[in-house]
Amino acid sequence: MSRYTTTAAALTVLALCAAAPAAQARTEATVIIQTAPPPPRHQVAPPPRRGMAWVPGHWEWRRHGYVWVEGYWVKARPGHVYRPPAWQEHNGHWQMQRGHWEREQRRRDRDGDGVPNRYDRDPNNPYRR
């Protein structure tokens with residue numbers, strides 16, 4: 001009897017492990033909606049916190065409608081900038097661009113003129129075109 005119970009428990013654990021990656025892949029899938037999201041709610045960002053990045057509140061599509069997600073803190077990644085979630089319209093359909101981290105470009109181009117610092121004669125001049 002205990003042998004049967006152990007086998008059943010092992011099969012249950014294996015089934016859960018196999019289902020976990022599928023559930024994760026489903027949450028990362030692209031969602032395309034035909035109705036525009038509501039206007040963003042006004043939310044005051046809290047004061048900066050050392051080592052943290054603020055993710056502003058945003059609308060997410062869940063099951064059959066939009067749901068407001070309050071802003072929250074995430075741990076900062078050195079050398080990266082956090083791009084918050086945003087809705088984009090493409091041919092009358094709305095697609096959500098999930099929040100993500102991007103490498104910080106400022107170290108390579110301090111003044112943002114498109115010329116890398118090593119080739120720029122004046123890399124600190126933000127007014128140069």
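Among the residues here, residue 41 qualifies as at pLDDT 90 or above and not in a strand (DSSP E or B). Within segment 61-82, the residues that satisfy the criterion of being at pLDDT below 90 and in a loop (DSSP other than H, G, I, E, B) are 63, 64, 78, 79. The condition of being modelled with pLDDT under 75 and surrounded by 10 or more Cβ atoms within 10 Å (Cβ to Cβ) holds for only one of 123, 85, that being 123.
The values are calculated or read from the model by the stated rules, or taken from the named source; none is laboratory data. All values derive from a computational prediction rather than experimental measurement. Methodologically, a virtual Cβ is constructed for each residue, glycine included, from the backbone with ideal geometry; neighbour enumeration extends over all protein chains shown.
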